[in-house]
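A quick write-up on the structure given underneath.
Read-outs throughout are calculated quantities, based only on the coordinates presented, and are distinct from any laboratory measurement. Quick caveat, the model's predicted, so the values are computed rather than measured. Using ideal geometry, Cβ is built from the backbone for each residue, glycine included, and neighbour counts are taken over all protein chains shown.
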Amino acid sequence: DVQLQASGGGLVQAGGSLRLSCAATGFTFDDYVIGWFRQAPGKEREGISCISSSDGRLIYEDSVKGRFTISSDNAKNTAYLQMNSLKPEDTAVYYCAATFGYMYGSSCLEKSQIDYWGQGTLVTVSS
């Protein structure tokens with residue numbers, strides 16, 4: 001069965017860093033676009049970054065551009081989100097997600113395009 005497992009969340013002070021991991025099983029990693037979403041209390045789940053595992057194409061939402069870096073290790077079937085210069089407003093449950101096929105525009109940031117969701121990992125940034 002297809003499974004995505006997000007990990008690496010925790011409590012960090014503003015200005016600090018965390019690295020999230022998304023381990024995928026049950027499908028060929030290169031056949032999917034991997035995305036990161038987050039959902040803060042009382043807000044809609046929003047897409048913040050995507051990576052095409054096959055060609056390395058990257059997309060970042062404006063609020064995280066320059067602070068977060070998405071990457072993947074295809075041999076390990078794992079994607080990562082390196083989060084630097086964290087702000088209290090980054091506090092949210094972070095989810096990894098997979099979309100079958102190739103990256104087209106910024107569609108991987110849209111919830112309606114997601115084929116598989118992983119369980120969330122909580123990131124809390126203190127002020």
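Miscellaneous remarks
- 22 Å Cα-Cα threshold exceeded, pairs from LYS87/LYS111; LYS76/LYS111; LYS43/LYS65: LYS87/LYS111; LYS76/LYS111
- Within segment 4-78: Cβ-based charge dipole about Cα centre, in debye rounded to nearest 20 (Lys, Arg +1; Asp, Glu -1): 280
- Rounded to the nearest 20 debye, the dipole magnitude of the chain is 380 debye, with +1 charges on Lys and Arg beta carbons, -1 on Asp and Glu beta carbons, and the Cα centre as origin.
- Full extension of the chain segment joining SER71 with SER112 gains 12.5 nm, where the gain is 0.36 nm per residue of separation less the Cα-Cα distance.
- Signed unit charges on C-beta, dipole axis of the chain, positive-most listed residue TYR94, TYR32, SER54: TYR94
- Approximate shape of the chain as ellipsoid semi-axes (Cα gyration tensor, √5λ), whole Å, largest first: 23, 14, 14
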